[in-house]
Each structure stands twice: as structure tokens, then as C-alpha cells.
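Q: What follows is a single structure, and I will ask about it in a moment.
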Amino acid sequence: MENLSLFTKKILSFLESDSSKWDYWTTKQKLAPVSDASCMHKFVERINEAKKQHKKILVAGDYDCDGILATTIMVDGLTKMGIETGFYIPDRIKEGYGLHEETVSLAHQRGYQIIVTVDNGVKAQSALKLAKAYGMETIVTDHHCLDDSVDCDLLIHPDFLEPEFSTLCGAGVAYECIRMLAVDSDYHLILAAIASIGDVMQVTGQTRALIQNGLTLLNVSKEKHCSLLADDPILNEVSVGFQIVPKLNAIGRLSNLANVNNAVRYFLNQNDQKIRSFHMQITHLNDLRKKISNQMKETALSKCVSSQPVIMVQDPSFHEGIIGLVAGSLCSQFQKPVIVFAKNPEGYKASMRSPRGFNCMDFLHDFSDYDALGGHDQAAGFSLHLHDFKSFVDYVRNKINSYAWELETKSTLYVKPEELTVSTLEELDFLRPFGPGFEFPAIEVDATQIKSFYDFSNGKHRRYTLDSGLTCIYFNIPKTEKNKSVNAIRSFVGQPQMNYYRGTKRVNFVIDSILYK
């Protein structure tokens, strides 16, 4: 502890005022022993029985990063057991989230006797009921909120495991199941770590251990499936979150252009040529996602009325797999709740994002005519029939007039530019991973001494260079900021990041906002 730099201690003190807990945050955590919960022992019994009776198992997954990797882990583990195992992830646009009756019927027709869900299932009541009617066995492994009882043969959920497993994502739960079967591998651990980052889980308990140990293995082994998806030679939770996770999420988002099940095939495949071919497809799809996303953001900005207390935007060109990204971008820019709609022949799909202090689900729940609704505090998704759209817009405009909320502002940690060096950033590895429960602070850096600045990417971004040599970049800088005097700038608020270029490292500061004198 005494060997830590003043900068690292400053970060640690800001995040954890109780110094008696510092050892926990600065020590690499070992994986907890396998769970001794009764549901886990029953899982082993049922899988061993399935193997003896030569039963076919279908793994039913989800189309985001967590769901893709959870599916991969479960399928690979059960296959190693010698069990004939298939998998299916639904089409985000055509089918939507979760296990569906159509999937159950098709699985039954193809001779599957057991369905194991990963990263979904606790809401699939009608599909589970149909599986039961067919005489199929159902095992639900999920981490989403349990509001009602689940009609399945076995439910494995963090709520039923020891406290250290309470923060697991869907892939984390799948990994613990495979550990119980004693067929787990380093590869499974790496995938569980990436999924935990992708699903933005609390970085405590077993999740912290998964991320720490999984990323260590990834950086040492340079595992081919994951390393191909990354840009940096050394990865932490930030680079994984920006470089790997979006590529996997893009496949599910653009389900009209790609089959998300191919992502699982990518991670299961061991043929180098096929892996490279899959990788090229994933990269192309992510580039396309960026292009569509940027176009939609520009359209949304041109149509939104930023003075509205709840910004609502729709356009016939909007892709429903991207509306959440657009809503998040507008919310970040205007610090207001935002709802973005995509219209289809049956009605509307919508995504809502809100700043801290505004609870999406609390705001939305009184409207009674949703076709579907789900989400949490800062993010929600829902669908509406065509004839309910106007009444929903009226509901929003009326409710916001009486809905009390206050923007939560994050306190910043002030640092001098010269404190942000390659060595001080590297030393932060002692504290990683950062995330919910141990969130890296918003850093405020003195910007009174600006040596130069210039705009790039057709004026979309701006790069400032301070007298200290620190490079500060404001991506997607608002026009309002560009029109203000540089001489009036007091400080930048944002995050320092390590930049790798031609084998050298340097520190860049990514600006979130500018404070003026």
C-alpha cells in the first residue's frame, strides 16, 4: 500500500473513505469456491442424468454481449460433457427478447428434450408453460429481476446462491454452472469476464474476481477470438467496453442484416481461417452500425426540441436496433430524459434514456397500454400499437408537469495535468476493474494553460494541447462549446486514457464537459 503513488492514493481515497477496506480494492481477488447452493447441485444431477439418457439439450440465449457469451459458455461446456447440444438466440427485430413459444415448438419437433435458458427465462412464462405441456424439461439460468415465480423444473439465479455471487451477469451464472460440472476452462473465464464488463455489473464479489482473472488470462494468452476483436495490445475493463463489447452488441442490433447465432459459432469455432472470416464480417457489421448510428444521431438532433422537459424524437428512417444508442447520445448531450421511436407496420418500438436522478421505469409505469415494457432506472424499452401512440405522447407531456426529479451531479476529483502520466495510469491497474460499486471518478484537470487547439474530422471533434504536453480531446463537441472563447476555459472534466500508437504509449484526456472561469 505504501508503494502506491500519490495519484493512485488520491483516487482510492475518493472512492473509498474507509482505509480499512483498501486492501480489498488493491488485491487481486481469487475466484470463490464453486457454489454449494442446492439448485447448483440439482443442476449437476440433471445434466448427468441427461448425459446418461442421451437427451438433447437446446441452449436458449439472448442477443446482447452477455447473452452471446453466456450461450457460448453453456454450449461449449455441455458439449465437453458429451451431450448433444444445440443453441438458438432470437432475432431482435422479428422475435424480440427471450424464449418464445415458436422456439419451444421447433425444439420439440427437432427432438430436444431439455431447454436451458441463459441470460433470460424468468419472464418467459408462456414459453415455459408450452414446454411443460410438451413434456420437455426446462432449466432457467438468469440474473434478471425475479418479480414472479418461474414455472420451470429448475431455476438458477444469483438470488439463490451465496452472497458473493449476487452480482453475476448471465454469462457469469452460466460459467458457475459449467464450473459445477468441472468442465470449465480458461476460455470460459475470459468470456465471463468480457460479458461482466459488457453488462455493466457491480464490480464486487465474484464478478470482480471474474474480471480480474479473466483479463489477466486474456492479456497473457492473447486468446484469438477475443484479441482479434480488440485494438489495444493490453486490455482493461475500459478498452474491452469500448472495443469488444460494441462489436458483439452490433450483431444483435442489426438483426435484419446478420444472424446473431453466427456470433456464437465464431466463439465456438477453432478453425483459424473461419475465425478470420467471421471476424471480418463482425468488423464490417460494426462499421455499418457506426455509420447508421451517426446518421440517426444527426437526424435526431435536427428534429429534437431540446427545450422540451422530455425530448421525444421519431423518424421513418430510424432503425429499431439503434434507437437506444441515439437516445443515450441525446440524453448525454442535453442531460434530459429522451425517448426515441422507430415505427414499424404494427406500431412503435421505443428506447428511453435518462440522466441520474430520473427514474425511467417509475416515470413510465402508469401508462396502461404498452404492448411490452422493460428496463431499469436510467434505461427502458417499450412497444406501442399505432393507435396508442398519441395517447402515450399526451401521457408524457402531462406527467412531466407534475413529476419531480433533480439531476444528480457527480462530484469531480481535481488533478493537475502533470499528474496524468503513463506511469500513474499504469499504476491504476492495482485498483481495476472500475465500474458500478467502484466507479472511476470524473476527473477535473486544470486547463487554464492551453498551448494550441484544432478541429478534426470535418470539425466534429476538437483536440486541445496544454502547456504540460497533455492532449485533451472533445469528441462530438457541441456547437455551443465551439463558439465560446478558449481563453475563458477553467478546466476540463472527463477521463484519462492510455493511447497506444506504433508501439508507444501516451496519455490522452477525453473531455466530457468544459468548465469556464
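The values are calculated or read from the model by the stated rules, or taken from the named source; none is laboratory data. Just so it is clear, the model here is predicted, and its values are computed rather than measured. Counting neighbours? That spans all protein chains shown, and the Cβs are built from the backbone with ideal geometry, glycine included. Heavy atoms of the whole protein, side chains included, go into the accessibility calculation; ligands, DNA and RNA do not. Shrake-Rupley method; radii C 1.70, N 1.55, O 1.52, S 1.80 Å.
Q: Past 23 Å, Cα to Cα: identify those pairs from Lys303/Lys482; Lys9/Lys451; Lys222/Lys291; Lys291/Lys460; Lys297/Lys349; Lys30/Lys505, in the order given.
A: Result: Lys9/Lys451; Lys222/Lys291; Lys30/Lys505 exceed 23 Å.
Q: Could you pull out which residues in region 365-398 have an amide N less than 19 Å from a spot 7 Å beyond the Cα of Cys145, following the Cα-Cβ vector?
A: Zone members listed by number: 365-383.
Q: Which of the chymotrypsin sites (Phe, Trp or Tyr not before Pro) found in region 134-184 are loop residues per DSSP with 12 or fewer other Cβ atoms within 10 Å of their Cβ?
A: Passing both the DSSP loop test and the Cβ count: no residue.
Q: Could you please state how large a percent of the accessible area of region 381-517 is carbon and sulfur, counting protein chains only and using a 1.4 Å probe?
A: Result for region 381-517: 49 percent of the exposed heavy-atom area is carbon or sulfur.
Q: Okay, moving on. Given a Förster distance of 60 angstrom, what is the FRET efficiency for His41 paired with Asn487, based on the Cβ-Cβ distance and rounded to 0.05?
A: Between His41 and Asn487 the formula returns 0.30.
Q: Report the relative contact order of region 149-299, percent, no decimals, based on alpha-carbon pairs under 8 angstrom and at least 6 residues apart. Display every interim value, and only then the final one.
A: Working: 141 pairs, mean separation 24.7, N = 151.
Computed over region 149-299, the figure is 16 percent.
Q: With an 8 Å Cα cut-off and a minimum separation of 6 or more residues, compute the relative contact order for the chain in percent. Before the final figure, lay out each step's value.
A: Details: 943 pairs, mean separation 58.4, N = 517.
About 11 percent, as a whole number.
Q: Let me ask something additional. Which net charge results for the neighbourhood of Ser302, defined as the other residues with beta-carbon distances under 13 angstrom from its beta-carbon, given Lys and Arg at +1 and Asp and Glu at -1?
A: Working: positive: Lys297, Lys303, Lys479; negative: Glu298, Asp315.
Every neighbour counted, the sum reads +1.
Q: ³J(HN,Hα) across region 114-123 via Karplus (A = 6.51, B = -1.76, C = 1.60, θ = phi - 60°), whole Hz, x for Gly/Pro?
A: 3J(HN,Hα) across region 114-123, in whole Hz: 10, 10, 10, 8, 10, 6, 5, x, 6, 9.
Q: Which of the trypsin sites (Lys or Arg not before Pro) across region 221-262 are loop residues per DSSP, with 15 or fewer other Cβ within 10 Å? The partial results should precede the final answer.
A: Numbers: sites: Lys222, Lys224, Lys247, Arg253; in loops: Lys222.
Answer by residue number: Lys222.
Q: Explain nothing, just the number: relative contact order of region 366-445, from Cα pairs under 8 Å at least 6 residues apart, as a whole percent.
A: Numbers: 43 pairs, mean separation 20.0, N = 80.
Worked out over region 366-445, it gives 25 percent.
Q: Among 382-388, 14-20, how do they line up by average Cβ neighbours within 10 Å per residue, starting with the highest?
A: 382-388, 14-20
Q: Please give the residues of region 190-211, grouped as numeric ranges, whose backbone N is less than 18 Å from a label point set 7 Å along the Cα-to-Cβ vector of Glu162.
A: Hits in region 190-211 for Glu162 at 18 Å: 204-211.
Q: Could the peptides 211-217, 370-376, 396-402, 499-505 be put in order, highest first, of the mean number of other beta-carbon atoms found within 10 Å of their residues?
A: Those peptides, ordered most packed to least, come out 211-217, 370-376, 396-402, 499-505.
Q: Moving on to the next point. Considering only protein heavy atoms, what per residue accessible area in square angstrom results for the chain with a 1.4 angstrom probe?
A: Using a 1.4 Å probe on heavy atoms only, each residue of the chain averages 46 Å².
Q: Going 7 Å from the Cα of Gln281 toward and past its Cβ, which residues in region 228-248 have a backbone nitrogen under 19 Å from where you end up?
A: 228-230, 245-248
Q: At a 1.4 Å probe radius, carbon and sulfur cover how many percent of the accessible area of region 54-198?
A: In region 54-198, the share of accessible area belonging to carbon and sulfur is 48 percent.
Q: Per 0.36 nm of contour for each residue apart, how much would the distance between Ser13 and Gln495 grow if the chain were fully extended, relative to their Cα-Cα spacing?
A: 171.8 nm
Q: For a quick check of understanding: with a 1.4 angstrom probe and all protein chains in place, what accessible area in square angstrom does Ile68 have, to the nearest ten?
A: 0 Å²
Q: For a quick size check, give me the Cα extents of the chain along its three principal axes, largest first, whole Å.
A: Extents along the principal axes, in whole Å: 75, 60, 47.
Q: Within 14 Å, Cβ to Cβ, of Gly459, how many net charges do the neighbouring residues add up to if Lys/Arg are +1 and Asp/Glu are -1?
A: Net local charge, Gly459 excluded: +2.
Q: A follow-up question, please. Taking loop as defined by DSSP and a crowding limit of 16 other beta carbons within 10 Å, which chymotrypsin sites (Phe, Trp or Tyr not before Pro) in region 421-476 fit?
A: Phe475
Q: Using the beta-carbon distance between Lys51 and Asp272 and R0 = 30 Å, what value does 1/(1 + (r/R0)^6) give for FRET efficiency, to the nearest 0.05?
A: Result of the calculation: an efficiency of 0.45.
Q: If I ignore ligands, DNA and RNA and count only protein heavy atoms, how much of Ser221 is accessible to a 1.4 Å probe, in Å² to the nearest 10?
A: Accessible area of Ser221: about 70 Å².
Q: Under 11 Å from the Cβ of Ile178, count the other residues' Cβ atoms, weight Lys and Arg +1, Asp and Glu -1, and hand me the total.
A: Working: positive: Lys80, Arg179; negative: Asp76, Glu176, Asp184.
So the environment of Ile178 carries a net charge of -1.
Q: Give the separation of the Cα centroids, region 164-205 to region 272-294, in Å.
A: Here the answer is 25 Å between Cα centres.
Q: OK, next. What is the distance in Å between the Cα centres of region 67-124 and region 445-502?
A: Cα centroid of region 67-124 versus Cα centroid of region 445-502: 47 Å apart.
Q: Find how much the distance from Asp231 to Gln125 grows on full extension, using 0.36 nm per residue of separation minus their present alpha carbon separation; answer in nm with one decimal.
A: 34.0 nm
Q: Between Thr471 and Glu84, what FRET efficiency comes out of the Förster formula 1/(1 + (r/R0)^6) with R0 = 51 Å and r the beta carbon distance, rounded to 0.05?
A: 0.40
Q: Taking 0.36 nm per intervening residue step and subtracting the Cα-Cα distance, what contour gain separates Glu418 from Ser20 on full extension?
A: Result: 140.3 nm gained on full extension.
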